[in-house]
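The structure appears right after this line, and notes come after that.
The values are calculated or read from the model by the stated rules, or taken from the named source; none is laboratory data. This one's a predicted model, so the numbers in the text were calculated from it and none came from an experiment. Don't worry about glycine lacking a Cβ; one is built from the backbone with ideal geometry, like all the others, and counts go over all protein chains shown.
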């Protein structure tokens, strides 16, 4: 029987699914809008072996779309996230405050059963994909732009071209972030439950959710 805090999830998904989720070593790459909210959601659903990698500090413009509060401004994102998740669920996140590079990607991503790419730049996404394919570790890539989001397993994923300018200065609604998080969390649980990898995209303007077709 799962802890009382996860009672509703257990009643909905079943004890075996929560047991598998708790045992799955999940590494979330990036603790921004996608990564912070997704890590929090997974922890509240019963994920107990979470690692989060990020090297940024919380800034005031992060507060509308990310998990953080005004009290966290100036703090390292992974540290603020670790504290919030522990207070909410008792889950102790392995918070890694480092910038991923070719030199350290292997050490940062090792001992993972599942990689979740929530990075905001193509170079870092490529590092996740390279490790995933070399080490045969499943990877889910989560991304968004304006009113569009996608949740794509690595077999179907192409790393996008680098975006010019400041990645923080683009239109972004909180609801598209949360929609992406919902799709990602469900894709993760479905994979943990059955091994099935389902990729989806969605648009906020018409609230349409569609499967991603194989290339």
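Cβ-Cβ contacts under 6 Å between residues 6 or more apart (or on different chains), taken from a first residue in segment 161-177 that is modelled with pLDDT under 65 to a second residue that is in a loop (DSSP other than H, G, I, E, B) and surrounded by 12 or more Cβ atoms within 10 Å (Cβ to Cβ), are listed as 167/120. Counting only strands (runs of 3 or more DSSP E) wholly contained in segment 99-211, the ones carrying 2 or more residues that are buried (at least 20 other Cβ atoms within 10 Å of the Cβ) occupy 114-117, 139-145, 148-153.
Are any residues in segment 71-93 in contact (Cβ under 8 Å) with a residue 24 or more places away in the chain and either within 14 Å of residue 31 (Cβ to Cβ) or not in a helix (DSSP H, G or I) (or both), and if so, which ones? 77, 78, 81, 82, 84, 85, 90, 91, 93, listed by residue number. Is at least one residue of segment 111-120 under 18 Å from the mean Cα position of the chain (by Cα), modelled with pLDDT under 95 and over 27 Å from residue 20 (Cα atoms)? For segment 111-120, residues under 18 Å from the mean Cα position of the chain (by Cα), modelled with pLDDT under 95 and over 27 Å from residue 20 (Cα atoms): present. Only one entry in 39, 22, 47, 31 is part of a loop (DSSP other than H, G, I, E, B), in contact (Cβ under 8 Å) with a residue 24 or more places away in the chain and within 14 Å of residue 188 (Cα to Cα), namely 47.
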